[in-house]
Amino acid sequence: MLKFDESARIIAQESRFVPGGVNSNFRLGMGHGPLVFTHGEGAYLHDVDGNKIIDYYCGMGAMVLGHSPAGVQAAVKAQVDKGILFAGQSQVEYDAAHIICDRIPSAEKLRFGSSGSEVAQAAMRLSRAATGRRTILKFEGHYHGWFDNILWSTAPALADAGSGDHPALVPGSKGQSTADADGLDILQWNDLAAVEARLARGDVAAVLMEAAMCNQGAISPLPGYLEGVQAACRKHGTILIFDEVITGFRLGQKGAQGRFNVTPDLSIFAKAIANGFPVAAIVGRADLMDLFATGGVLHGGTFNSQPVPMAAMLATQLALTPEHYEKSSKYGVRLRDGLRSVLADAGIKAQVTGFELMFHVAFGLDAPAQNYRDLAKSDKAGYARFAQALLRNGVRVLERGAWFVSSEHNDEVVDKTLEAARAAAMEIAQ
Ligand code: PMP
């Protein structure tokens, strides 16, 4: 059984300087408290207690090549020697742009940013400017960053969320005011008729969604849903935005849009685009994207297209070949199937849903969730106990149920994980 005493000591000490000892609230999570790491390699993280832990956080989904991939490290080291920040253009950002425009179906043009939250803002502003409308339609359980105007109903308590037909907008943080939600409307996801009816009012600038709901759960769009939303958007002059911050380069080289074969007007990427370096992108139709240059729509950022993360991005993209997806998908599928059997053998009712390199485990559900409200009925406390038991057995997973797999999670790592899962399932079943 692993122990985390030194992490606990450091977090307590450093909480005097850093609130909660962490620099993102999403790291407060686990029941035993946040961990402090020394280094990462492949599928493993090493912590200050001397533990070597199999990591399925994968940088909250960013590390699609695992920790410290040699090609990315080398590209970064070479770029650092050439300079850090030019506040001007360099060839590496154009090379990076070309490869994304080549790969992503909706990417006629792109602009780089530094975080998913930021490029979500850019997409909202661009949509409002292009349509002259104000309302952005979002969906329960979908997360598009931590800013006041969009951090609504990302994981609301069902008691606060109103009826399924008319969901209430629920703030995600203290400090938000109802005025922050002025430009928003909300629906349940995967309900095409609801979107069609809402867009028919003619005032929606953009529909913003994760094309597969992965921030909560791992839920595929129902057959025809994405196509139907796209058709409704075209009919009513609304811009369709896919948030591919999680799905991008994880559901395949062309993202969720390639996998489901629906091309949005705009989409945003971050996380896996550069295997852990702070790169984000807003991509889309040339006529929309050109508004940044000639249409009076402002998009800025001191760190945008910083050459070092750009070099990391290029090296990451070069490694994300069809062979990469084929190889890592095999590991992911073995793991997913293995977990299903381990949980079933232990008599734990669970739904394991999602994709090869990103899936979700929900305890206590009889059928796969189709939207946030289904998912919210799962046994979260039971799963958190499993996640904590897994960590004591050397495997780190998010308590909210998500598993991120990289090309480093090979057969040997999967075997070890399933062994730990068996032990953890026995532990919590007692
Ligand atoms: N969109 C989605 C779907 C996300 O999962 C996240 C991050 N969890 C974001 C946007 C925001 O990205 P970032 O944390 O880089 O600001």
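Readers should treat all values here as calculations from the given coordinates under stated rules, not as data from a laboratory. Please read all numbers here as calculations on a predicted model, not as lab measurements. Glycine gets a Cβ as well: all are built from the backbone with ideal geometry, and neighbour counts include every protein chain shown.
Taking a ≥ b ≥ c as the square roots of the eigenvalues of the Cα gyration tensor of segment 373-429, is the shape rounded (a/c under 1.5), prolate (a/b larger than b/c) or oblate? Oblate shape, in that a/c is at least 1.5 and b/c is the bigger or equal ratio. When only alpha carbons of segment 254-322 are considered, Rg and Dmax amount to 13.7, 39 Å. If you take every DSSP beta bridge fully contained in segment 185-306, what fraction is antiparallel? Give it as a percent rounded to 5. Approximately 40 percent, going by the DSSP bridge assignments.
For segment 125-167, the equivalent ellipsoid built from the Cα gyration tensor has semi-axes of 23, 13, 7 Å, listed from largest to smallest.
Please give me, ordered by residue number, the trypsin sites (Lys or Arg not before Pro) of segment 156-256 that lie in loop per DSSP and have at most 13 other Cβ atoms within 10 Å. When the trypsin sites (Lys or Arg not before Pro) of segment 156-256 are filtered for loop state and at most 13 Cβ neighbours within 10 Å, Lys174, Arg201 remain.
I need the shape label for the chain. Rule: rounded when a/c is under 1.5, else prolate if a/b > b/c, else oblate, with a, b, c from the alpha carbon gyration tensor. Taking the square roots of the gyration eigenvalues as a ≥ b ≥ c, the chain is oblate. Compared with the rule-of-thumb size 2.2 N^0.38 Å for a compact globular protein, segment 110-188 has a Cα radius of gyration ratio of 1.11.
Its DSSP H runs of at least 4 residues, each contributing -39,500 (n - 2.57), put the calculated 222 nm mean residue ellipticity of the chain at -11000 deg cm²/dmol, to the nearest 500. A Cβ-based charge dipole, computed about the Cα centre of segment 263-405 with Lys and Arg at +1 and Asp and Glu at -1, lands at about 620 debye. Shown here for segment 21-84: trypsin sites (Lys or Arg not before Pro) in loop regions (DSSP other than H, G, I, E, B) with at most 16 other Cβ atoms within 10 Å, namely Lys82. Here the chain is scanned for chymotrypsin sites (Phe, Trp or Tyr not before Pro) in DSSP loops (not H, G, I, E, B) that have at most 16 other Cβ atoms within 10 Å, and the longest stretch holding none of them is 148-302.
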